[in-house]
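Report on the structure given below.
The values are calculated or read from the model by the stated rules, or taken from the named source; none is laboratory data. This structure is a prediction, so every number in the text was calculated from the model and none was measured. Cβ atoms come from the backbone with ideal geometry, glycine included; neighbour counts cover every protein chain shown. Quick note on the areas: whole protein, heavy atoms, side chains included, nothing else; ligands and nucleic acids left out. Shrake-Rupley method; radii C 1.70, N 1.55, O 1.52, S 1.80 Å.
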Amino acid sequence: MFDKVLVLADGDDPGQPALRRALECVSDGGEIEILSVVYEPMLEGYLGNKAIYEPLRKRVLDERRERVSALARAVESHGVRGSAKAVWSHPMHAAVGAEVDARGIDLVVAAPASFHQGNGTLSHGLSHGDWQLVTGCRAPLLIVRSPGRRHYRNIVAAVDPFHAHAKPADLDRDILRLAKAMQSRAGATLSVVHCYVPIEYFGADLTRRAPADSPFGDARLEALRAVCADAGMSPEAAKL
């Protein structure tokens, strides 16, 4: 499934949700890397002199490296290879992208910043930094917004067979390939969903059809079923 999984460290708890989900997703014999991205503007330098705070930056990094190394050891107690890395970098999403490229990461797992900064409540949504990670990550990204204590039971793959020229041509195939892998690993059900605005939304007077015309959704459902068939899935998985 996912041979190399990168987890963005969030504290010292070996039972943190992102780590729980990473352990569910990593392949047998795979590796989980714990990454901590460290940055403190006040330690960046003074009046252009970066060297003045170098010892402090090194101490902060060494401390963080020890903490993520403890998480890596906890991962290895589950029979999975673990590794740890702490880097001084800003912005965070750039550091994640560099690590994905350098290490050939297959999956990035992270909890949104607001999940913990907001005392575990989900009402805060995603922060600006979260969205930068979502839009800039060059590997599949799993955002964990629950405690992660239960296995995934239902997986929804959102596709759009009608926007082939507004996205990479193989994006739907990639989404379904990854969704099937997640389904197999978790033993969950898988639905393939396409959402659209019904033509009737724009006004009944403007959208009258001849009685012989087929309903507008029929063509979309058939296209969605064709996407499922192309992925080796049952047409019954298609949901419009």
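Filter region 190-229 down to residues that are of a type in the set (S, T, Y) and modelled with pLDDT under 95 and give me whichever is nearest to A158 (Cα to Cα). By that ranking, first place goes to Y196.
Can you find a residue that is at pLDDT below 95, surrounded by fewer than 16 Cβ atoms within 10 Å (Cβ to Cβ), touching a helix residue (DSSP H, G or I) at 6+ places or on another chain (Cβ under 8 Å) and in a helix (DSSP H, G or I) anywhere in region 11-20? Scanning region 11-20 turns up no residue that is at pLDDT below 95, surrounded by fewer than 16 Cβ atoms within 10 Å (Cβ to Cβ), touching a helix residue (DSSP H, G or I) at 6+ places or on another chain (Cβ under 8 Å) and in a helix (DSSP H, G or I).
In region 152-165, the residues that are closer than 21 Å to K180 by Cα and modelled with pLDDT of 85 or more reach residues that are open to solvent by less than 40 Å² (accessible area, probe 1.4 Å) and part of a loop (DSSP other than H, G, I, E, B) with C-beta atoms within less than 8 angstrom, at least six apart or across chains, in these pairs: Y152/A188; R153/A188; N154/A188; I155/A188; A158/H194; V159/H194; D160/H194; P161/H194. Consider region 134-160 and keep the residues that are open to solvent by less than 40 Å² (accessible area, probe 1.4 Å) and of a type outside the set (A, V, I, L, M, F, W, C). The one that is farthest from P17 (Cα to Cα) is D160. Is there a residue being without any contact (Cβ under 8 Å) to a residue 12 or more places away in the chain and loosely packed, with under 14 Cβ neighbours inside 10 Å anywhere in region 29-40? Looking for residues that are without any contact (Cβ under 8 Å) to a residue 12 or more places away in the chain and loosely packed, with under 14 Cβ neighbours inside 10 Å, one finds none in region 29-40, hence no. Screening G79 with (1) assigned to a loop (DSSP other than H, G, I, E, B); (2) without any contact (Cβ under 8 Å) to a residue 24 or more places away in the chain; (3) touching a strand residue (DSSP E or B) at 6+ places or on another chain (Cβ under 8 Å) gives one miss only, at (3). Within region 105-126, being modelled with pLDDT of 85 or more and either part of a loop (DSSP other than H, G, I, E, B) or open to solvent by 30 Å² or more (accessible area, probe 1.4 Å) (or both) holds for I105, D106, A111, P112.
For (1) aliphatic (A, V, I, L, M); (2) not in a loop (DSSP other than H, G, I, E, B), each residue gets a yes or a no:
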| residue | (1), (2) |
| --- | --- |
| Q132 | no, yes |
| T135 | no, yes |
| L142 | yes, yes |
| R145 | no, no |
| R150 | no, no |
| V156 | yes, yes |
| F162 | no, no |
| H165 | no, yes |
| A169 | yes, no |
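Here the condition is being in a helix (DSSP H, G or I) and either open to solvent by 50 Å² or more (accessible area, probe 1.4 Å) or aromatic (F, W, Y) (or both); of A74, A102, A95, it holds for A102 alone.
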